[in-house]
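Nothing in this text is a laboratory measurement; each read-out follows from the coordinates by a stated rule. Small disclaimer: the values here were computed from a predicted structure and weren't measured. Positions of Cβ are backbone-derived with ideal geometry, glycine not excepted, and every protein chain shown enters the neighbour counts.
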Amino acid sequence: MAWLRLFYYQVVYWTVGTTPEAHHLNLAHSWYDLCRYESCIRHCRKYLDYKDSDYIKATMAISHGAIGEWAQAAATYRSISTLWTEPSLALGLAEAELQCGNKEEARKIVATVEVSHPNPTRDIAAALDYLNGYWADSAAAD
């Protein structure tokens, strides 16, 4: 289905004439759905040439992480202005920092999220458990 959407958005762009940012937004979503993260990142960047969007930056950061580009993921997460209001984004930054070897920075981010969101949703609690499990695994290995 995502391949069909990709074709559709291309046809619409060339026949109807959607705006460039809408075109790149649609293509970024289609590539993301197809797990083609490099193409998603490329279209996110093109979208950001036209308009600033924390949502697109988050999509781009997640895509960088999905392909193991953790330094780029961390840098992109840091550029999101609503990072600290959205615990899932902050925890994404914590994971990126952890993958880059910045364990103390990741630990600080996790602690900040735990304090600022004392009643997390199920997904956030699972992410916190995953990241806190890393500290437990690291302590057991030492």
List, please: which pairs have Cβ atoms under 7 Å, are six or more places apart or on different chains, and start with a residue in region 54-70 that is assigned to a helix (DSSP H, G or I) and end with one that is of a type in the set (A, V, I, L, M, F, W, C) and surrounded by fewer than 19 Cβ atoms within 10 Å (Cβ to Cβ)?
-> I56/L48; W70/C100
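Residue-by-condition table, conditions (1) in contact (Cβ under 8 Å) with a residue 12 or more places away in the chain; (2) in a loop (DSSP other than H, G, I, E, B); (3) buried (at least 16 other Cβ atoms within 10 Å of the Cβ); (4) not polar (S, T, N, Q):
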position: Y77; (1), (2), (3), (4): yes, no, yes, yes
position: I80; (1), (2), (3), (4): yes, yes, yes, yes
position: A90; (1), (2), (3), (4): yes, no, yes, yes
position: L93; (1), (2), (3), (4): yes, no, yes, yes
position: E97; (1), (2), (3), (4): yes, no, yes, yes
position: E104; (1), (2), (3), (4): no, no, no, yes
position: V113; (1), (2), (3), (4): yes, no, yes, yes
position: P118; (1), (2), (3), (4): no, yes, no, yes
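How many residues are closer than 22 Å to G68 by Cβ and of a type outside the set (A, V, I, L, M, F, W, C) when one looks only at region 82-103? Give the steps one after another, and end with the answer.
Initial filter on region 82-103 (closer than 22 Å to G68 by Cβ): 83, 88-103.
Checking which are of a type outside the set (A, V, I, L, M, F, W, C) leaves us with 88, 92, 95, 97, 99, 101-103.
The number of residues fulfilling the criteria is 8.
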